[in-house]
Amino acid sequence: MRLKTFARCAALLNLSLLCLASNQFLQAQNSPVKLTIHADRPVSAVSPTLYGLMTEEINYSYDGGLYAEMVRNRTFRGDWSGVNFWYLVEGGNSAAKMEADKATGPSSALTASLRLDVQKADAQNQAGVLNTGWWGMAVKASTEYKGSFYAKASGSDMGPITVSLVSDDTGKALATATIASLTGDWKQYSFTLKTAAAQASASNHLAITVAHPGTLWLQLVSLFPPTYRNRTNGFRSDLMEKLAAMHPTFLRFPGGNYLEGDHIKERFNWKETIGPLVDRPTHRSPWNYQSSDGMGLLEFLGWCEDLNMNPLLAVYAGYSLQQEHVNPGPDLEPYVQDALDEIEYVTGSADTKWGAERAKDGHPQPFKLTYVEIGNEDQFDHSGSYEARYAQFYKAIKAKYPDLQLIATTPINNMRPDVQDDHYYVRATKNFQDANHYDKADRNGPKIFVGEWATREGAPTPNMGAALGDAAWMTGLERNSDLIVMASYAPLLTNVNPGGLQWDTDLIGYNAEKSYGSPSFYAQAMFGSHLGDHTLASTADGAGAKFFYSITAGAAKKKLYLKLVNAASTPQAVDIDLEGAKLASTAKLISLAAKDTQATNSIDRPEFLKPVDSSVTVTGGQLRRTMPQFAIEVIEFDQQ
């Protein structure tokens, strides 16, 4: 009995000690961080172009995404099973067949077409073809859809041609237009489809039908909804609005791997992406689908114009992904000249050769260009030729455009580039550990462009754990923005339909009908929307391994912006003392928080997590803030 009593007492003592240790641990976890900010002591300038966008054709980012074209495979490419995403319509007792005609097309770029042979049809029993769109076609009530196609007929006149938006569920036409007649020569025909009362849905398709027998050829069938700022050949409004909310200052285009292509012949050949759509031959993306090239060079520049971004032009530099490269010297010279021509298209006046081409394409005014990137991720070129290739491009571009800042895609030894592009794809833990990556970087080396980075947790879009990793990393970018001139998350966009994803994790998700921002998107928008022009001296005492912050000030707006990140699973008290500034008695608080790192948004729950606005009281330049677990916050102070 005595032994049992002793054992019971020992167990109780151990439990008490364990509880005491646990309480001490929790007290340590919840002890306040003492954050002192010296508002009258600027440290370094913040780059005015710190946050921007990186983009490429991946995850159906352009076709089936930002580029608002509703018709999928508008140029009638096919495989062993037939013409992809196009199907025969045989209403009632009509009879017809369709096939790809590789010998007939409306231009030297589009030399093939769809041939429709109608054996039997009448007004009540029409025959034709339909297109299913990008996992459907989103249709709204009382909305105009602008369309066109190239066509010709053989033999008898097959008019009228009926074009309809048709509900998949009911088979009824939601909007209809007619083309009175066709000729025997290729010609473009335009139409407008206006819906009346209709339930918003993506379960719709486009049908093109005829009421008479005969043979019809079709090419470049196109249909656009209302676009952002009503731009012709433009962009989806919902996605552009989300991008605008990030307040980006630049756009890096056209990509990434998309710039290089798997093979040299599959690179982004900019000269084949300008001018009328019928003169663009399309090309294969390295992400294993065909790019329509509706998003050509001028469209990228229009995107910059629409969101008031600076273009960051990446030029092909002689390396493609399947280890094909162009030797420096005479072999590379045509590609160097191609880059010079491209820069002239962007920046040249209308009296230059390529500036005149841009004017002919509808934009007489040149664009301002500051940065040009030479290649993409050339560290993967096993030939080791990048240093010589970069030098050849650098010398030629600087000779003609001495003010341009030229970006190298990897560290090089034979010369100092103006800017170096660093890429990081990591887990959240790595970003917590590496948020101070640039704190002690050499300020005498090239400036840094963090051209691709992301915390890769969550699919298809990031979860809250990824957003915390992103926010921790961004505090380091802001703290070191005297060195880091630009940074851009990648990839930017993904279609969430089955088959739409080639790479996760991606900032914004969408289908044909709607879109949503991930927690990481909201973190980006919070940081990009609240950024000063210089950093301030500060100290943080008692900060744990998962607490991060950044403080910047905007002299013109008389604002202080404090970013706080608590990536821990417990709340964190923060005592804030702002010295050297007269502040308003209240400050704006924007908070994004979750109960778990795996919490996220989706196409069906687009705003499960989103920032919440409120205010906090400031007394004599001081305030105490207890941050929730797993939280990202911005406090905006007004200076008096």
Handout entry: For the chain, share of DSSP beta bridges that run antiparallel, in % to the nearest 5
Key = 70 percent
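How would L507, L307, L66 line up from fewest to most surrounding beta-carbon atoms within 10 angstrom? If you can, show how the numbers build up before the last one.
Details: L507 28, L307 21, L66 25.
Least crowded to most crowded, the residues run L307, L66, L507.
Provide the FRET efficiency to the nearest 0.05 for the K582-K610 pair, computing r from the beta carbons and using R0 = 41 Å.
On the way: r = 33 Å, r/R0 = 0.80.
My answer for the efficiency is 0.80.
Over the range 78-224, calculate the relative contact order: mean separation of alpha carbon pairs under 8 Å at least 6 apart, over the residue count, as a percent.
Working: 396 pairs, mean separation 47.0, N = 147.
RCO, the range 78-224: 32 percent.
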Completion exercise
Within the range 560-597, the residues whose backbone N lies under 11 Å from a label point placed 7 Å from the Cα of T36 along the Cα-to-Cβ direction are 577-579
Exercise for the section: Would you kindly state how much longer the chain becomes between K440 and S602 on full extension, computed as 0.36 nm times their sequence separation minus their alpha carbon distance, in nm to one decimal? Expected result: 54.4 nm
Problem - Amide hydrogen neighbours beyond the local backbone of N204, cut-off 5 Å, H modeled - result: M137, D168
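Taking the Cβ-Cβ separation of A244 and T215 as r and a Förster radius of 56 Å, what is the calculated FRET efficiency to the nearest 0.05? Please report the intermediate quantities before stating the final value.
On the way: r = 47 Å, r/R0 = 0.84.
With a Förster radius of 56 Å, E is 0.75.
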Problem - For S291, distant residues with modelled amide H under 5 Å away - result: H283, R284, S285
Handout entry: lysines whose Cα lies under 20 Å from that of K559, excluding same-chain neighbours fewer than 8 positions away
Key = K582, K588
Handout entry: Distance (nanometres) between label positions extended 7 Å along Cα→Cβ at D331 and K398
Key = 2.5 nm
Fill in the blank from the handout: Note to self, the chain gives a 222 nm [θ] from helices alone (DSSP H runs n ≥ 4, -39500 (n - 2.57) apiece, / all residues, nearest 500) of -6000 deg cm²/dmol
Exercise for the section: Grab the beta carbon distance between T617 and V43, set R0 = 22 Å, and tell me the FRET efficiency rounded to 0.05. Expected result: 0.20
Exercise for the section: Would you mind calculating the gained length between K271 and Q379 on full extension (0.36 nm times residue separation, minus the Cα-Cα distance), in nm to one decimal? Expected result: 36.2 nm
Practice task
Apply the membrane-span-like helix rule to the chain: whole DSSP H runs, Cα extent along the own long axis of at least 27 Å, mean Kyte-Doolittle hydropathy at least -1.0. List the helices found.
Solution key: 2-30
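When only C-alpha pairs under 8 Å and at least 6 residues apart count, what is the relative contact order of the chain, in percent?
Working: 1585 pairs, mean separation 105.3, N = 640.
Once divided by the residue count of the chain, the mean separation gives 16 percent.
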Practice task
Would you grab the residues whose amide H sits under 5 Å from the one on K447? Only those 5+ places off in sequence or on another chain, please, with H modelled 1.01 Å from N.
Solution key: Q420
Practice task
Would you work out if the range 232-281 is rounded, prolate or oblate? Take a ≥ b ≥ c from the square roots of the eigenvalues of the alpha-carbon gyration tensor; rounded if a/c is under 1.5, else prolate when a/b is larger than b/c, oblate otherwise.
Solution key: oblate
Problem - Per-peptide average of other Cβ atoms within 10 Å, ordering 601-613, 341-353 highest first - result: 341-353, 601-613
Problem - Modelled label reach - T176, point 7 Å along Cα→Cβ, the range 116-159 residues with backbone N closer than 14 Å - result: 122-127
Exercise for the section: Quickly rank 476-488, 166-178 as a protection proxy: mean count of other C-beta atoms within 10 Å, highest first. Expected result: 476-488, 166-178
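What does the charge add up to near T215, with Lys and Arg as +1, Asp and Glu as -1, over the other residues with Cβ less than 15 Å from its Cβ? Present the calculation step by step, with values, prior to reporting the outcome.
Numbers: positive: K97, R115, K120, K152; negative: E99, D101, D117, D157, D185.
Charge balance near T215 sits at -1.
Fully extended, how many nm does the chain gain between N308 and K558 (0.36 nm per residue separation, minus their Cα-Cα distance)?
Numbers: separation 250, 0.36 × 250 = 90.00 nm, distance 2.31 nm.
This chain segment gains 87.7 nm when fully extended.
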Problem - the range 87-116 residues near the modelled K187 label - backbone nitrogen below 18 Å, point 7 Å along Cα→Cβ - result: 105-107
Handout entry: Mean Cβ neighbour count within 10 Å, used as a protection proxy, ranking 419-425, 541-547 highest first
Key = 419-425, 541-547
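Throughout, read-outs are computed from the coordinates displayed, never taken from laboratory work. Everything quoted here is computed from the prediction, not taken from an experiment. A quick note on method: Cβ atoms are made from the backbone with ideal geometry, for glycine too, and the neighbour counts reach across all protein chains shown.
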